[in-house]
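Worksheet: one structure, shown below.
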């Protein structure tokens, strides 16, 4: 599927919860662009002004803990973040990210070694994170094919729509 992302790392610590990713005061919308305007503002007020399409969030343990709000990964994706690499993810955040098509990767060594400003390349197909700044390659478990298909489609709903569309347009 060739899912390779390259961008600047934005490093966050451990236990970054969904209330910090997208504060509750902005949950009156599910529009990714509106949510993106406020992503991470309670932990890094300048994040939204500095992040560029294709950049990568790197975090320590338990990224996305807290409530099960789907707006958290949606806000990250809406901000143009290509991928999130962490030591570990909260289980519900992990699944929500996959469901909305936000690539995430558990790679403890890469997450611990990376610093804000490092240039990273993430290859989901191989399960590799390359820190181009440090010239170091880290191995993670790669996504199973079915999860890569969901992410490549842009999320679970888009994947289902494509499959339904393919069936309708296919041979009868």
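Some notes on this structure:
- Beta bridge orientation in the chain: antiparallel %, DSSP, nearest 5: 50 percent
- Overall form of the chain per C-alpha gyration tensor (a/c, 1.5; a/b vs b/c): oblate
- Only helical runs count toward this figure. For the chain, summing -39,500 (n - 2.57) over DSSP H runs of n ≥ 4 and dividing by all residues gives -9000 deg cm²/dmol at 222 nm.
- Fewest neighbouring Cβ atoms within 10 Å first, the residues 94, 138 line up as 94, 138.
- As a length-normalised measure over Cα pairs under 8 Å and 6 or more apart, the relative contact order of the chain settles at 24 percent.
- The stretch 1-86 - percent relative contact order, Cα under 8 Å, separation 6 or more: 42 percent
Read-outs: derived from the displayed coordinates by stated rules, not from any lab. Quick caveat: nothing in here was measured; it's all calculated off a predicted structure. In this analysis, Cβ positions are derived from the backbone assuming ideal geometry, glycine residues included, and neighbour counts consider all displayed protein chains.
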